[in-house]
Amino acid sequence: MTTKSEESNKALVLEAFDTLFNKRDYAAAERFWSSNYIQHSAHIEPGREGLFNLIKSAPASLKYEPGVIVAQGDFVIVHGLDDTQGSVPTSP
């Protein structure tokens, strides 16, 4: 059973992803990604700026669509699709 807190956490993560990946509102995205953000991918520059630079360098057609989202306590995991070809339907 998902709690109200877990639902709120999922909504927060989805808002963060939409703000950065779809709206590309970097100033607003700073609210979601700490200046101390640790990037664990070896293919992306370190820190929040590395993540933001990745999105800045991506094609304007990039869209992120969440798929499965799971929350347990304060942990949220999202599996989604990024689409640069326009084949993933976007939400209204």
Next item on the list: Hey, can you tell me all the residues within segment 9-53 that are closer than 20 Å to Gly73 by Cβ and either surrounded by 11 or more Cβ atoms within 10 Å (Cβ to Cβ) or in contact with a Lys or Arg (Cβ under 6 Å, 6 or more places away or on another chain) (or both)?
Entry: Asn9, Lys10, Ala11, Leu12, Val13, Leu14, Glu15, Ala16, Phe17, Phe32
Next item on the list: Could you check segment 1-70 for helices (runs of 4 or more DSSP H) lying wholly inside it with 1 or more residues that are among the basic types (Lys, Arg) and within 13 Å of the chain's Cα centre (by Cα)?
Entry: 4-17, 47-57
Item checked: Residue satisfying all of: in segment 34-78; within 22 Å of Asn9 (Cα to Cα), small (Gly, Ala, Ser) and touching a strand residue (DSSP E or B) at 6+ places or on another chain (Cβ under 9 Å); modelled with the highest pLDDT among these -> Ala71
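The values are calculated or read from the model by the stated rules, or taken from the named source; none is laboratory data. Small disclaimer: the values here were computed from a predicted structure and weren't measured. Every residue, glycine as well, gets a Cβ built from its backbone with ideal geometry; the counts of neighbours run over all protein chains shown.
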